[in-house]
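Peer 1: Here it is, the structure, as C-alpha cells.
The values are calculated or read from the model by the stated rules, or taken from the named source; none is laboratory data. Model, not experiment: these values are computed from the prediction. Cβ placement follows ideal geometry from the backbone for every residue including glycine, while neighbour counts extend to all protein chains displayed. Accessible surface areas use protein heavy atoms only, side chains included; no ligands, DNA or RNA. Shrake-Rupley method; radii C 1.70, N 1.55, O 1.52, S 1.80 Å.
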Amino acid sequence: MGLPARLRKKAWRALCMLLGHHITNGLAVAVGLMLVTVSIYLLDDLSAASAGAVGALIATLPDMPAQKRHKFQQLLPVAALGAPLYLAMQLAHESALQQGAVLVCGTFVAFMGTAWGKRGGPLSAGLMFSMLFSMASPAAGFVLALERTGWFVCGAGLYMVYAVAANGLLNARYRVQLLAATLLEFAEALRSQSRRFSPYAESEVLTGDMLRRQAALADTLQAARDVVLESPRTPQRQKLAGMLLSLLEARDQLVACELDTQTLSSGDLAALPPLADALAAAARQIDVLATALLLGRRAADAQAVRIALGRLYPADARAPAGDAPSPPAPALSASVRDAALRVAAIGDEVERLFGLARGDEAPELATVRENWQLFISPTGWSWTPLKSERGWYGPTLRQALRAAAAIGTGFAIALHLPWGTHKYWVLITITVVMRANLAQTLQRRNARIAGTLLGCLVVMAFLSTHPRPIAILGCIAIGAAIGHAFVVRRYLITATAATTQGMLQAHLLNAGAHPAFAVGERIGDTLIGAVIAWLFSYVLPVWERDQVPRLVQRVLRAQARHARLALTAGVERAPDVDWRLGRREAYDSLSALGQAAGRTLSEPARVQLPLEPLETLQAQSYRLLAQLTAVKSTLQLRRGQLQMELVAPALERTATAIEEALNTSAASGRPEQPEAPEPPDDASMRPPDALADDLTPWLLGRLALAQATALRLRRAADRALG
C-alpha cells in the first residue's frame, strides 16, 4: 500500500472516529457539565460552582449510550453513594488520621463495586473521585461542609436530569453509531479471515489474530444490542435492529469459514485467492455501508453491491430449498465448494444489509420484537455479584484489599512529602493506574505518566494567558469531554485531558499556588503514585491462571447448551429466542477467555498461562460453533432435501453426545471417563458434497464432525486446566 493510500485510510479512520458514538457522547458530557457548572456559578459563587462541578463530574462517569428507559438507573448509584463519601471527607479535613480512615474504608467499598463487571467500573471510579476531589477543597467547618455537599448533590442531580434528556434526544443517533461501529469491527474480522485463505498464511499468527478479532467483535456487538434492540417499534428502529440481526447471521457464517480452512487440502490452494478476494471485497462494502450510516447518506443499490462483491459461482449454487442446484465445475473439490458457499452466504448477508439500509427489504423481527429485553445487558443492581466474593480468593475482594492498602500507603507517603499541598494527586494516580490485572496496570502506568507530562504543558500554556474563572470552567468541561470520549479507546489522550482538568480544578480551589510549582509537584506526585500502583499489583495478586477454571467451565457449559438448543430448534422449528441467547453466551464466554489469554502475556513468566492449550480450546470451540451453524442453516434453508426420519434421531443423539463429552471432563470435577480413541481429523471425515440432491448424508457427516470436535474440545479444556 502506497503512502497516498495509507493517508487516505488514516483519514477515513479518523472520520469514522469523529463521527462515532464516543465523540458524540463526550460532546454531550461537555455541554451538560458546562451548563450545570455555569448555572451554579451564576446562582452563587466560584466555590459553589467548584463543588457542583465535582458532583456533575462524578455523575458523568457512567454516562454512556444506554437504553432510554434505564438511563436514570444507570446514573443514580454513583451520585447516591458518592455524596456520603464526599461529606465524610469534608468532615475529616482537620485530622490526617480521620482522612486516612475514610480513604482506606472508602477505597475498599469503592473497589468492591467492580464485582458488577463493566457497570461496576464507573461506580468504583465515581466513589473514589468523590473522596479525592473532596480533599482538594480547603478545610471547612461543619456548616460549610454541609453546604458544599449540598452543591455536590445539586450538581450531580442537575447533570442526571440533563443526561437522561440528552440520551433520549441522541438515542436515534446512538443507534446508528453503535451499529456502524459493529459493522466496522465485523469488516476487520472479514479481513482477518481473508488473510487466512491466503496460500501463504502463517496459521498460528493468523489464528491468534482471528481470536482477538472475534473477542473484540463480541464486545462491540453487545454494546450495540443494548441500544439498537431496545423497543424496536418504529420503522427506523426496526430497520437498524434487522441490520444487526443480519450481521449476527453473517458473523456465524464467518466463524464457519474457520471450519472450511481446516478441511482444505494442499491441492485446493489454487482455489483460495478468489475466496480471499471475495471476503476482502465484502469487508470493503461493509466499510462503505458503515460510512454511509455515519454520514446519513443513502446506501448503495444492492445490484451495485453484488457487482462489487463478485460471484464465485452461479446463483443456482445457492438455490432455496426444494430446487435442484446445478453443481459448479467438477474440477473443484467438495471442500472448496463448501468454502465458496460459505463465502457466498456472507455476500448474501452483505447484500441484505444494504437492502435493509435502503428500505428495499423488510426486517424479520418476530423473535426480537416481543423479547428484546432478553438480549440486552442486565440493568438491575442485585447483591448476587458480591455474594460470589465471600471466599478469600475472590478476585474482587483481593483487588479491594490491594487498592485499600495502596491508597493507605500513598496517603502516608504524601503526608511526608516536602511539598504536600496536593496530597490527593498521588491518590488519584493510584486510583486510575491500579487495575484488576497486571497487564492493564502496566498500560495505564505508562500512559498516565506520559499524559501527565503533556497535560502539564497544556496547563502552563493556558494559565500563562491569565484566563478568567468562566474560561477555566469551560476548559474543565472540555477536558472532561475529551477524557470521557477516549477512556476506552486511547487512555493516553484521556490521561492528558484528565491532567489538564484536574490541575485547573485545583487552581480554582487554590488560586494562590504558583502554577510553575504546581506543575512540578504534579509530575512528582504522578511518578510516585504510578510506582505505588505498580508495586501493589504484586500484593494479593490474582493471576490469570487463577481465573482459568471458571472461564473454561463457562465455555464448556455455554457450548453444551448451545449445541442442545441449536440441534433441538432444528428439529422442532421452535422459536429461536433461546438459541440466540445461547449463541450469545457461547461467544461471550470465548471472548472472556481470549481476553484472559491476552492479559497473561504481561504477567511474570513463572505464572503465565500456557497459550497453546488456550488457543486450541478457543479454536475448537469456534469450530464446534461453525459445525452447528452449518447444520442449523441447512435445516432452515434446505429441509426439503433431507430425510427427516433419519435426521431427527441423529440430531438428538448428537446433542446428547456433545453434552456428555463436554460435561464429563476432568474440568467439571466428575470422574475421568475412559480414554476414547482420538477423534479423526476433518480432512479424513469430509462430508459428502453440499450440492447433492439428497443432503441427508452431508448432514449426518456434519453431525459426526461436530461430535468429534466436541471430543477435541473436551481434551483441549482438560489440557488447559492441567
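Peer 1: Taking a threshold of 30 Å on the Cα-Cα distance, which of the pairs K68/K239; K71/K423; K71/K387; K387/K423; K118/K239 fall above it?
Peer 2: Working: K68/K239 18 Å; K71/K423 35 Å; K71/K387 26 Å; K387/K423 35 Å; K118/K239 28 Å.
Too far apart for the 30 Å limit: K71/K423; K387/K423.
Peer 1: Each label point is 7 Å from the Cα along the Cα-to-Cβ direction; what then is the distance between the points at L386 and M460, in nm?
Peer 2: Each label point is offset 7 Å from its Cα along the Cβ direction, giving 4.6 nm.
Peer 1: Here's something else I'd like to know. Can you give me the accessible area per residue for the range 602-666, using a 1.4 Å probe, in Å²? All intermediate terms of the calculation are to be shown ahead of the outcome.
Peer 2: Details: 2400 Å² over 65 residues.
Here the per-residue accessible area is 37 Å².
Peer 1: Now, a different point. Of all accessible surface on the range 585-636 at a 1.4 Å probe, what whole percent is carbon and sulfur? Mind showing how you got there, number by number?
Peer 2: Working: 770 of 1510 Å².
It is 51 percent, rounded to a whole number.
Peer 1: Now a separate question. Any idea how far apart S602 and L492 come out in nm if each label point goes 7 Å out from Cα toward Cβ?
Peer 2: Distance between the two pseudo-spin positions: 1.5 nm.
Peer 1: Out of the total accessible area of the range 29-146 (probe 1.4 Å, heavy atoms of protein only), what percent is carbon and sulfur? Could you put the intermediate results ahead of the total?
Peer 2: On the way: 3150 of 4340 Å².
Solvent-exposed carbon and sulfur of the range 29-146 make up 73 percent of the total.
Peer 1: So, for the range 1-48, what is the accessible surface per residue at a probe of 1.4 Å, expressed in square angstrom?
Peer 2: Values: 2770 Å² over 48 residues.
On a per-residue basis, the range 1-48 sits at 58 Å².
Peer 1: Provide the gained length on full extension for the span L18 to K118, in nm with one decimal, where the gain is 0.36 nm per separating residue minus the Cα-Cα distance. Let's see the in-between values first.
Peer 2: On the way: separation 100, 0.36 × 100 = 36.00 nm, distance 2.39 nm.
Extra length available between L18 and K118 comes to 33.6 nm.
Peer 1: Efficiency by 1/(1 + (r/R0)^6): what FRET value for A96 and R233, r their Cβ-Cβ distance, R0 = 45 Å, to the nearest 0.05? Spell out each step's value before the answer.
Peer 2: Working: r = 57 Å, r/R0 = 1.27.
With a Förster radius of 45 Å, E is 0.20.
Peer 1: How do the peptides 81-93, 123-135 rank, highest first, by the average count of neighbouring beta carbon atoms within 10 Å per residue? Walk me through the intermediate numbers first.
Peer 2: Working: 81-93: 21.7, 123-135: 25.2.
Highest-to-lowest ranking by the protection proxy: 123-135, 81-93.
Peer 1: In nm, give the distance between the simple-model label positions of R545 and L581, each being 7 Å from the Cα along the Cα-to-Cβ direction.
Peer 2: Result for the modelled spin labels: 3.7 nm.
Peer 1: Pull up all non-local amide H partners of R435: gap of 5 or more, or a different chain, and H-to-H distance under 5 Å with H placed in the peptide plane.
Peer 2: T441
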